[in-house]
Amino acid sequence: MGRFDGSGDAELFLVRLEAIAQTYKWSEEDKLTNLVSALHGDAEQTLIHCKGQLKYEQLATKIRQRFSTQVDPMLARIELLKRKQRKSETLQELAADIERLTALCAPQLTPEQCDQWLGLPTFIDALDDDRLRLELSRKEFKTLDDALKEALYLQIWTDRYGSQFRGNLQEAFDSSGSDTGDSGIQKASLRGTQ
């Protein structure tokens with residue numbers, strides 16, 4: 001499960017503990033024992049503030065109050081609106097950060113709603129490659145993961161075949177059905193060399 005010293009995200013740590021507890025069907029006492037044993041450093045000091053009969057929910061609440069990194073939804077929305085891909089940031093890192101921000105700025109929405117209404121358009125708009133952004137904006141995706149997968153395919157294609165084949169991107173992926181097969185790539189590369 002790992003240790004918690006207060007420097008990481010308290011909510012993420014507690015969610016992980018709850019998932020493990022559910023998997024192993026821990027009782028409240030088991031959850032408390034594992035939580036107490038995972039606390040170190042500054043986080044361990046929260047035990048001092050829990051006087052009397054110590055209960056799991058009481059300790060978890062104290063940890064959330066002291067170490068939570070919860071962001072104001074309005075600040076998360078602003079950050080999401082301004083989000084652009086950084087120079088050395090991978091597509092996967094960009095997508096993960098956008099998923100994090102959408103969950104923070106709209107906690108009342110389901111993950112699917114966050115993904116479709118906020119994450120997907122933000123991901124496409126945040127891309128630093130104009131051509132990739134254009135190619136993705138021409139298609140309809142159901143999820144951010146679908147757009148990420150397509151972006152990775154297009155990025156691999158561009159990296160593999162270089163700028164001389166950039167004009168054939170859409171044609172190649174349309175003919176291959178965007179799967180991992182090379183039929184469309186081979187056709188486009190043959191057309192590009194003729």
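The values are calculated or read from the model by the stated rules, or taken from the named source; none is laboratory data. No experiment lies behind these values; they were computed from the predicted model shown. Cβ: placed from backbone, ideal geometry, glycine included. Neighbour counts: every protein chain shown. Heads up: the accessible areas ignore ligands, DNA and RNA and are worked out on the full protein's heavy atoms, side chains in. Shrake-Rupley method; radii C 1.70, N 1.55, O 1.52, S 1.80 Å.
Rolling a 1.4 Å probe across all protein chains gives LEU75 an accessible area of roughly 110 Å². Pairs over the 30 Å Cα-Cα cut-off, from the set LYS82/LYS142; LYS31/LYS84; LYS87/LYS149; LYS31/LYS142; LYS31/LYS82; LYS84/LYS142: LYS31/LYS84; LYS31/LYS142; LYS31/LYS82.
May I ask for the net charge around THR46, where only other residues with Cβ less than 9 Å from the Cβ of THR46 are counted and Lys, Arg are +1 while Asp, Glu are -1? Spell out each step's value before the answer.
Numbers: positive: LYS62, ARG66; negative: ASP42, GLU44.
Charge balance in the 9 Å sphere: 0.
Counting only aspartates and glutamates at least 8 places from LYS62 when in the same chain, those with an alpha carbon closer than 15 Å to its own are ASP5, ASP9, GLU11, ASP42, GLU44. Annotation note: trypsin sites (Lys or Arg not before Pro) in the stretch 19-116 located in DSSP loop regions with a Cβ neighbour count of at most 12 within 10 Å are LYS25, LYS51, LYS84, ARG86, LYS87.
Restriction of the GluC sites (Glu not before Pro) in the stretch 26-102 to DSSP coil positions whose beta-carbon has at most 15 other beta-carbons within 10 angstrom yields GLU89.
Once backbone amide H atoms are built at 1.01 Å from N, PHE4 has LEU39, HIS40 as its partners under 5 Å, excluding neighbours fewer than 5 places away on the same chain. Using the Cβ of ASP145 as centre and a radius below 12 Å, the other residues enclosed give a net charge of -3, where K and R count +1 and D and E count -1.
Taking amide H positions as modeled 1.01 Å from N, with prolines and chain starts lacking one, no residue 5 or more places away or on another chain lies under 5 Å from ASP129.
Per-residue 3J(HN,Hα) values for the stretch 107-124, derived from phi via the Karplus relation 6.51 cos²θ - 1.76 cosθ + 1.60 with θ = phi - 60°, read x, 7, 8, 6, x, 5, 5, 4, 4, 6, 7, 10, x, 4, x, 5, 4, 5 Hz in sequence order (x marks Gly and Pro).
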